[in-house]
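Undergrad: The structure follows.
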Amino acid sequence: LNVRPELRSRLKTPEVMTTDRGVPIHEYRDAAGNSVSRLTAPLGPITIGADFLMEASDDPDPDIRDLPQHAVEDLPDETLVYLLGSRYVETSKLTEMAWAQFGQTPEGGQRVQAILDYTHNRIAFGYPHAFTERTAFTGHEDQRGVCRDFAHLAVALCRCMNIPARYCTGYLGDIGVPVADSPMDFSAWLEVFLDGAWRTCDARHNSPRVARVLQCWGRDAADVAITTTFGWADLVGFDVIAEQV
């Protein structure tokens, strides 16, 4: 529920996590530098929450179309892991299709935009389509899903084309756009490494948005799950509120 450590300077109130059972919460940083909260839940129901106010950026997502792509041999070492396949991103199953579909597109940002356009048009969004075991490949075949499925497919196709891509999750309120009539949720998007920096992209919306609040990034959703449990646990309620004040 916490934001990326780099964003904490924008917090106007502390982002303290709490429980209704008085359970101690320990925070640590994972291998990607994300803030992770760890606790031992007692038997029975428990409510975990966080509430904070922060200054989000009103700069829209960047226009990537004119940004150059790096040759693989010129990529920084730390980006190479984001070229590899992972649990939900099976590059081996999509590489042949990716090169057939995008091999003739201009390298760099134009190729990424072609991937975003393809993903946006390939998958039909709907909350009833959510399925925890859906991968980039099965999302491509099912042609339906939620925001994480859009992100997984776009990440996979970028990696197939030797463009480092990482999965991102965070808060994205309906700011500067019509308010959706469905309950709020966390949002998934991606970042691609172009012209020496990570650039925000969004295959689901496929249009610039403002006020993203990044929680964490990783290879795919398995790295940045909202909760990871070691033992039996049922999720019986879930509320996300991200509003402009």
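Undergrad: Quick one: accessible surface of ARG134, probe radius 1.4 Å, all protein chains present, in square angstrom to the nearest 10.
TA: Rounded to the nearest 10, the figure is 10 Å².
Undergrad: I'd like the projected area of the range 197-245, averaged over all directions, using the convex hull of its alpha carbons. Report it in nm² with one decimal.
TA: Mean projected area for the range 197-245: 5.8 nm², to one decimal.
Undergrad: What residues of the range 191-228 lie in the reach of a label at SER9, counting those whose backbone N is under 20 Å from a point 7 Å from the Cα along Cα→Cβ?
TA: Output list for this probe position: 197-200, 211-217.
Undergrad: Could you order the peptides 65-73, 166-174 from most to least packed, using the average number of other C-beta atoms within 10 Å per residue?
TA: So the order, starting with the most tightly packed, is 166-174, 65-73.
Undergrad: Could you give the size of the charge dipole of the chain about its Cα centre, using +1 on the Cβ of each K and R and -1 on the Cβ of each D and E, expressed in debye and rounded to the nearest 20?
TA: 320
Undergrad: If you wrap a convex hull around the alpha carbons of the range 134-245, what volume per residue comes out, as a whole number of Å³?
TA: 143
Undergrad: Can you give the angle from 0 to 90° between the axis of helix 147-160 and the longest principal axis of the chain, with both taken from C-alpha atoms, to the nearest 10?
TA: 40
Undergrad: If you wrap a convex hull around the C-alpha atoms of the range 1-123 and split its volume per residue, what is the figure in Å³?
TA: Enclosed volume per residue, from the Cα hull, is 197 Å³.
Undergrad: Additional query: Among ARG209, ARG87, ARG148, what's the order by accessible area (1.4 angstrom probe), most exposed first?
TA: Values: ARG209 15, ARG87 145, ARG148 50 Å².
Ranking ARG209, ARG87, ARG148 by accessible area, largest first, yields ARG87, ARG148, ARG209.
Undergrad: Over the range 1-136, what is the relative contact order in percent, taking alpha-carbon pairs closer than 8 angstrom and at least six residues apart? The partial results should precede the final answer.
TA: On the way: 116 pairs, mean separation 30.5, N = 136.
Taking the mean separation of contacting Cα pairs over the length of the range 1-136, I get 22 percent.
Undergrad: With r as the distance between the Cβ atoms of ALA180 and THR228 and R0 = 30 Å, compute the FRET efficiency 1/(1 + (r/R0)^6) and round to 0.05.
TA: Once rounded, the FRET efficiency stands at 0.60.
Undergrad: When the solvent-accessible surface of protein heavy atoms is calculated with a 1.4 angstrom probe, in what order do THR119, THR227 fall, highest first?
TA: THR227, THR119
Undergrad: For Cα pairs less than 8 Å apart in space and 6+ apart in sequence, what is the mean separation divided by the residue count of the chain, i.e. the relative contact order in percent? Mind showing how you got there, number by number?
TA: Numbers: 435 pairs, mean separation 54.7, N = 245.
Once normalised by length, the contact order is 22 percent.
Undergrad: Largest first, what is the accessible-area ranking of GLU90, GLU27, GLU243 with a 1.4 Å probe?
TA: Result of the area sort, largest leading: GLU243, GLU27, GLU90.
The values are calculated or read from the model by the stated rules, or taken from the named source; none is laboratory data. Source: prediction; values computed, not measured. No Cβ is skipped: glycine too gets one built from the backbone with ideal geometry, and neighbour counts run over all protein chains shown. Accessible surface areas use protein heavy atoms only, side chains included; no ligands, DNA or RNA. Shrake-Rupley method; radii C 1.70, N 1.55, O 1.52, S 1.80 Å.
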